[in-house]
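Q: The structure's right below; bear with me while I get my questions together.
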Amino acid sequence: MKPLEHDKNYKPTALIQSLVLMIFAMAFSSAATALEDSYPAIVHSVGSGTVVHNNYGECWGTGANDVSSQPTTECGQEAPVVARTVAPMPPPPAPAPAPTPKPAPVAAPDITLSADALFDFDKSVLKPEGKTAIDNELKRTKFEGGGIGVSSIKVVGNTDSIGTAEYNQGLSERRADAVKAYLVSKGVPANKIHTEGHGLRDPVASNKTKEGRAKNRRADVWFGKE
């Protein structure tokens, strides 16, 4: 029986060539994937687990074809890069609250009627001097003659700190009402006049001195213009 002779003219078909190339490519890809996270194997001591060095102080390897899945950083193998989780930026601080607007200052009164000079002591009846002071202000502001041009008038009575708060409250209200009554007699409509009694709550000077108490016994008058 003749041995099989090699046909020198034999050529592989295109299908066989494609299969061979495909197998080679798959084998190469698998090898590359296997070596992607592999490192040259380093000999470690069985007892202590430390790296074994040769006479030159170099790390001892197991062979050119031996690989390990873990790096040995002591022998210069870099550890795999671990993705770091970046903490989110903290939110910006809340804006500072807007400052509370300050209340508008109260305008100074147009007339301050001294209780000592224009009222009888501990009374709420206007003296002639008090009436004259009001007449002069009405003429200056042209509010005389039936209250023409008057938008509003505010009268506030005040006292010093002598006596009880309850008594001084009533006295301040009576003095404010006395000023209102005189304004009405001069033709100012009553519905345009607003009165308040603040008692001893709004001193303009110290109640510890005689002069200060005299300044606190008063009636303040504001004229509003149309």
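The values are calculated or read from the model by the stated rules, or taken from the named source; none is laboratory data. These numbers were taken from a predicted model, which means no experiment stands behind them. When we count neighbours, we look across all protein chains shown, and the Cβ atoms used for this are built from the backbone with ideal geometry, even at glycine.
Q: Evaluate the following for P109: is it modelled with pLDDT of 80 or more and loosely packed, with under 10 Cβ neighbours inside 10 Å?
A: Against the criterion (modelled with pLDDT of 80 or more and loosely packed, with under 10 Cβ neighbours inside 10 Å), P109 does not qualify.
Q: Checking T195 against (1) buried (at least 18 other Cβ atoms within 10 Å of the Cβ); (2) closer than 24 Å to K131 by Cβ; (3) out of contact with any Lys or Arg (no Cβ under 8 Å at 6 or more places or on another chain), only one condition comes out false. Which one?
A: (3)
Q: Report every pair of residues separated by at least 6 positions or lying on different chains whose Cβ atoms are under 7 Å apart, first residue within the range 57-78 and closer than 9 Å to Y39 by Cα, second assigned to a loop (DSSP other than H, G, I, E, B) and of a type in the set (S, T, Y).
A: Partner pairs satisfying both residue conditions: V67/S38; S68/S38; S69/S38.
Q: Could you check the range 147-195 and list, in sequence order, the residues that are touching a strand residue (DSSP E or B) at 6+ places or on another chain (Cβ under 7 Å), of a type outside the set (G, A, S) and assigned to a loop (DSSP other than H, G, I, E, B)?
A: Passing the criteria: only V188.
Q: Would you check which residues across the range 58-74 are over 11 Å from V43 (Cα atoms) and surrounded by 15 or more Cβ atoms within 10 Å (Cβ to Cβ) and list them?
A: P71
Q: With the condition kept exactly as written, say whether any residue in the range 116-138 is modelled with pLDDT under 80, closer than 13 Å to S185 by Cβ, assigned by TED's automatic domain parsing to the domain that holds R217 and in a loop (DSSP other than H, G, I, E, B).
A: The answer is no, given that none of the residues of the range 116-138 is modelled with pLDDT under 80, closer than 13 Å to S185 by Cβ, assigned by TED's automatic domain parsing to the domain that holds R217 and in a loop (DSSP other than H, G, I, E, B).
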